[in-house]
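In what follows, a single structure is set out as structure tokens and then discussed.
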Amino acid sequence: MLTPPEIRQALLATGESQQELFAEARRLRDEHFGPQVVLRGVVEITNVCRVNCEYCPMRKDNTRENDRFFMSSEAILSCVNSIREAGIDIILLQGGETPRSLVAVKEAIPAIRELYDGKVEILLNLGNFSRQQYEELRELGATSYILKHETSDPELHMRLRHESLDERLRCMKDLLALGYKVGTGLISGLPDQSLDSIVDDVLLAGDLGVHMCSVSPFVPAPNTPMSVLPAAPVGMALNIMAVLRICYPHLLIPSVSALEKNEEGGQSSGLGAGANVLTVNFTNEADRDRYLIYGSKRYVVGLQHVKDIVHRAGLSTRGSVFI
Ligand code: SF4
């Protein structure tokens with residue numbers, strides 16, 4: 001484990017010291033997981049959200065102008081079939097935060113378990129809910145949950161998400177107490193985000209005792225109040241990922257599509273900085289274009305792209321570590 005001053009220094013690494021940081025992160029990944037990348041398949045189930053994040057085109061204020069969709073459980077199952085055919089055993093159901101999405105999800109979870117004969121990880125990324133709602137999903141067969149803290153600076157969190165960090169942390173603690181494998185995550189390169197607050201982001205992942213942590217460089221998306229800001233440099237995001245790997249070698253750290261969106265080859269660089277998860281998009285083509293996470297021009301990760309970058313990195317793919 002690095003001390004806070006060491007974390008701070010590592011986050012600023014460039015040139016040769018950055019390459020040494022990445023090499024150590026890769027060494028620790030390979031030592032703990034083998035030279036392997038965990039593959040997930042994602043289905044994006046709705047673009048409707050009750051939250052109003054300043055950086056997201058699916059924010060509440062855009063609901064009226066967006067072409068809204070909610071997937072039925074049958075439509076979810078059809079996408080899940082394609083994931084199964086691709087040999088992937090982690091189903092990530094992701095969407096905006098709205099209680100309405102839970103109806104289809106609750107129907108889909110037992111059907112997914114049946115399809116896989118129980119040998120499946122069902123990973124949800126659906127936002128804040130009550131402990132009781134998380135418990136119901138867990139009892140139905142959900143395995144794991146992603147709920148990113150985004151920034152550990154409470155004031156910045158409130159300003160950008162209009163939501164309290166404390167409530168987010170309450171949800172994460174409920175999920176952990178219910179036996180979920182939990183993933184958090186942060187955005188790097190936000191306006192007014194200090195280096196010290198990124199050190200706090202790294203420390204928070206350890207304090208919470210989560211199992212996964214992602215780092216997304218800020219993407220200035222169209223139709224948002226932050227659309228005119230510059231995109232975050234990928235280098236800082238890579239440094240944070242490498243620091244997370246060195247501090248917590250057991251973490252699942254994805255190489256996210258925002259890396260590729262901000263810089264061609266960004267996801268390969270993520271694997272080079274110690275990441276060990278890639279997510280392939282299996283959303284229907286029609287709904288995929290309406291899922292505006294970074295606007296309509298996001299980078300959609302396909303199976304061939306993933307196979308290519310894994311091969312180029314000298315790694316191989318594997319299934320869930322939680323089954
Ligand atoms: S980032 Fe997530 S929680 Fe925030 S508005 Fe977009 S979909 Fe909703």
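Computed from the coordinates by the stated procedures, all read-outs in this text should not be read as laboratory data. What you see is a predicted model, and the numbers here were worked out from it, not measured in a lab. Cβ coordinates were reconstructed from backbone atoms using ideal geometry, including for glycine residues, and neighbour counts include every protein chain displayed.
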### Task
Would you mind pulling out the separation of the Cα centroids of region 27-91 and region 233-247, in Å?
23 Å
### Query
Ranked highest first by average number of other Cβ atoms within 10 Å, how do 30-38, 142-150, 271-279 line up?
271-279, 142-150, 30-38
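Evaluate E = 1/(1 + (r/R0)^6) for Thr14 and Arg64, where r is the Cβ-Cβ distance and R0 equals 35 Å; express this FRET efficiency to the nearest 0.05. If you can, show how the numbers build up before the last one.
Numbers: r = 45 Å, r/R0 = 1.28.
Calculated transfer efficiency: 0.20.
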### Query
Which of Arg40, Arg100, Arg138 moves most in a GNM of the chain, Cα contacts under 10 Å?
Arg100
### Query
How large are Rg and Dmax for region 174-322 when only the alpha carbon atoms are used, in Å?
15.6, 42
### Query
Simple spin-label model, 7 Å along Cα-to-Cβ: Asn81 to Ala23 in nm?
5.0 nm
## Note on the structure
Which of Val219, Val80, Val228 fluctuates most in a GNM of the chain (C-alpha springs under 10 Å)? That residue is Val228
### Task
Please work out whether the chain counts as rounded, prolate or oblate from its C-alpha gyration tensor, where a ≥ b ≥ c are the square roots of the eigenvalues and a/c under 1.5 means rounded, while otherwise a/b larger than b/c means prolate and anything else oblate?
rounded
